[in-house]
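What follows draws every value from the coordinates through simple rules; no lab data is involved. Computed from a predicted structure; not experimentally measured. For neighbour counting, all protein chains shown are included, and Cβ atoms are generated from backbone atoms with ideal geometry for every residue, glycine included.
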């Protein structure tokens, strides 16, 4: 299993709307991709900015290609992200999951 982590930052005043967007658009997109096992959106308000981590779990890097394309380390952005994000980090991180426990 592979964990994929993306990080983005919004202004605090746009964070609630971005949360709504992620839940309405991004999560269904991830979940509709074969090989996606789960999606978690993490949020941390810090001063006048909000940090988001999208943490997804996948069967394999090959399955991630079905979502992200051939360059699996490249971040995938939606057109709507321009309305919210302060910058566009070009890369995501992938981690091999070597242990787990259910919630």
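Mean residue ellipticity at 222 nm, helices only, the chain: -4500 deg cm²/dmol; runs of at least 4 DSSP H residues each add -39,500 (n - 2.57), and the sum is divided by the number of residues. Peptide packing for 90-101, 69-80 was compared via the average number of neighbouring C-beta atoms within 10 Å per residue; ordered from the highest value, the list is 69-80, 90-101.
For the chain, averaging the sequence separation of C-alpha pairs within contact (under 8 Å, six or more residues apart) and dividing by the residue count gives a relative contact order of 41 percent. Scaling against 2.2 N^0.38 Å puts the C-alpha radius of gyration of the chain at 1.07.
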